[in-house]
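Structure, as structure tokens:
Read-outs: derived from the displayed coordinates by stated rules, not from any lab. Predicted, not measured: the structure shown is a model, and the values here were computed from it. Quick reminder, even Gly has a Cβ in these numbers, built from the backbone with ideal geometry, and neighbours come from all protein chains shown.
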Amino acid sequence: MNARVPDFPASLHRPLVAISLSALLLGGCATTGNPSDPLEGYNRAMFSFNEQVDKAVVKPVAQAYQFVLPDVARTGFGNFIANLEDPWIAIDNLLQGKPADALSDLMRFAFNSTFGLLGVIDIATPMGLPKHDEDLGQTLGSWGVGEGAYIVLPFFGSRTVRDTAALPADYLGQNPWQIDHVPTRNSYTALRFTHIRSTFLGTEKTVDEATTDKYAYIRDFYLEQRRYKVSDGNVTREYEDFED
């Protein structure tokens with residue numbers, strides 16, 4: 001099994017192009033009273049579709065994953081995934097004018113990749129090198145690029161036009177090493193998404209109990225959380241609770 005730094009995977013070209021085009025072509029959809037959500041009619045339909053797919057396929061697989069694998073194995077795999085993201089996070093921090101955070105991210109990657117057994121063990125956090133959460137969408141926002149309309153993408157869920165445009169680069173940046181062996185690559189990709197979904201198990205009940213309109217609740221939370229992250233917390237008080 002050989003690893004290399006690839007061109008963007010051909011298997012993702014058409015779906016990601018379609019996603020990006022959908023964000024641009026749906027501008028003519030009917031608008032509603034929420035200025036951040038002019039595509040609400042389409043978004044609600046896509047939200048319902050994603051919910052059905054999740055209920056029928058994704059959630060049961062995530063539940064089986066959580067049931068079969070012990071906590072220590074899931075934690076190790078989650079650390080491994082997070083470690084691969086740190087170089088891209090470092091680039092975004094550097095592009096945002098935060099060289100100290102970028103250096104911290106690179107040091108995290110170096111220590112966890114070596115002494116942490118390829119990132120399976122997170123030794124960097126106890127050393128005082130915290131995990132950061134940055135992506136290209138936040139970088140574009142820090143440069144003054146507007147977020148654009150809120151949009152729900154098939155399978156990928158909540159995004160803005162700005163985040164949708166950044167999605168292909170973020171995907172490649174967070175998965176820098178592509179495996180040539182197709183079955184192995186596909187298995188890793190499926191396992192990665194299953195692990196990420198498993199971390200949200202149990203949240204549905206909380207959301208369902210918190211509101212009668214799950215779509216609007218998730219939309220508003222996503223938009224406010226993204227604004228908080230883009231500004232590094234320098235926002236009005238209404239967003240302060242989103243750091244946790």
32 Å Cα-Cα threshold exceeded, pairs from LYS59/LYS98; LYS55/LYS98; LYS55/LYS229; LYS98/LYS205
LYS59/LYS98; LYS55/LYS98; LYS98/LYS205
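So, counting K/R as plus one and D/E as minus one, what does the shell of residues with Cβ under 9 Å around SER36 add up to?
Values: positive: ARG219; negative: ASP37, GLU147, ASP220.
Around SER36, the charge tally is -2.
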For the stretch 225-232, 3J(HN,Hα) per residue [Karplus equation, 6.51 cos²θ - 1.76 cosθ + 1.60, θ = phi - 60°, Hz, x = Gly/Pro]
5, 5, 5, 5, 5, 4, 8, 6
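Please report the net charge: other residues with Cβ closer than 10 Å to the Cβ of GLN66, K and R +1, D and E -1.
Computed value for this residue: +1.
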Suppose the chain between ASN34 and ALA64 were pulled fully straight at 0.36 nm per residue; how much longer would it get relative to their current alpha carbon spacing?
7.0 nm
Karplus-derived HN-Hα couplings along the stretch 40-45 (A = 6.51, B = -1.76, C = 1.60, θ = phi - 60°), whole Hz, x at Gly and Pro
4, x, 5, 4, 5, 5
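Tell me, what is the FRET efficiency for MET127 and VAL72 to the nearest 0.05, using R0 = 22 angstrom and their Cβ-Cβ distance as r? Before the final figure, lay out the partial values.
Numbers: r = 21 Å, r/R0 = 0.94.
According to the calculation, E is roughly 0.60.
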Given H placed on each backbone N at 1.01 Å, which residues far from LEU153 in sequence or on other chains put an amide H within less than 5 Å of it?
SER158, ARG159
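What net charge do the residues around GLY137 carry, taking every other residue with its C-beta under 10 Å from that of GLY137, with Lys and Arg at +1 and Asp and Glu at -1?
On the way: positive: ARG159, ARG162, ARG226, LYS229; negative: ASP92, GLU134, ASP135, GLU147, ASP163, ASP170.
Result for the local shell: -2.
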